[in-house]
1. How big is region 87-141 along each principal axis, measuring the range of its Cα positions in Å and listing the largest first?
2. Using alpha-carbon pairs under 8 Å, 6+ residues apart, how would you state the relative contact order of region 7-140 in percent?
3. With label points built 7 Å along Cα→Cβ from the Cα atoms of residue 13 and residue 58, find their separation and express it in nm.
4. From the Cα trace of the chain, what convex hull volume per residue do you get, rounded to a whole Å³?
5. Counting only helical runs of four or more DSSP H residues, what would the 222 nm mean residue ellipticity of the chain come to if each run contributes -39,500 (n - 2.57) and the total is spread over all its residues?
6. For the pairs 8/140; 51/129; 51/110, flag any whose C-alpha to C-alpha distance is greater than 26 Å.
7. Find how many whole Å separate the alpha carbon centroid of region 99-138 from the alpha carbon centroid of region 37-59.
8. Spin-label point model (7 Å from Cα, Cβ direction): what's the residue 35 to residue 47 distance in nm?
Amino acid sequence: MTMTEKYKVLAKFVKDMSSETPDIDTYLFVKDNISNYTLNIDIKTKTLKDKIYQVETTLGYSDKTQNTKKSFFEMIFVTVIRLNEDLKGNELAKVILSDLQNEIYPELEKIFLNVLQGSGYPELTFNKKIDFDELYKKNKN
């Protein structure tokens with residue numbers, strides 16, 4: 001597993017994955033309107049033991065418009081890390097919300113895109129790269 005100076009990744013796996021399109025009419029509608037869909041990220045952490053954390057990174061791809069015909073795409077990816085030192089407050093938040101996410105995101109994106117492309121949207125890509133350092137700085141203030 002991978003390791004930085006501040007933490008070591010002990011395990012990582014897909015906890016849950018979903019691609020739901022109710023019928024052919026919805027599929028055709030979504031295919032024509034996939035540009036309305038945006039990538040959403042949610043990160044949750046839970047302490048497992050002293051200095052060991054489970055980090056759940058949820059990627060969702062959804063249409064926020066009022067369209068009634070929608071598909072649902074979501075993946076929850078779990079990373080278990082052990083801290084190599086005592087980190088508190090902002091230092092711990094930076095490791096979980098920025099450092100770790102920068103490390104695991106390329107793999108998450110690849111897995112999630114494979115599912116979306118395999119769900120009938122083979123041309124789909126995420127054009128905008130996520131800057132976790134910038135997101136962390138914005139949410140910190």
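1. Here the spans come out as 44, 18, 12 Å, largest first.
2. On the way: 187 pairs, mean separation 37.5, N = 134.
Reported as a whole number, the value is 28 percent.
3. 2.0 nm
4. Numbers: hull volume 16.7 nm³, N = 141.
Taking only Cα atoms, the chain has a hull volume of 118 Å³ per residue.
5. Value at 222 nm, helices only: -9500 deg cm²/dmol.
6. On the way: 8/140 24 Å; 51/129 30 Å; 51/110 29 Å.
Correct reply: 51/129; 51/110.
7. Region 37-59 and region 99-138 have Cα centres spaced 15 Å from each other.
8. It works out to 4.9 nm between the two label points.
FYI, it's all coordinate maths here, none of it is from the lab. All values reported here derive from a predicted model rather than from experimental measurement. Neighbour counts are summed over all protein chains in view; Cβ atoms, including those assigned to glycine, are modelled from backbone coordinates with ideal geometry.
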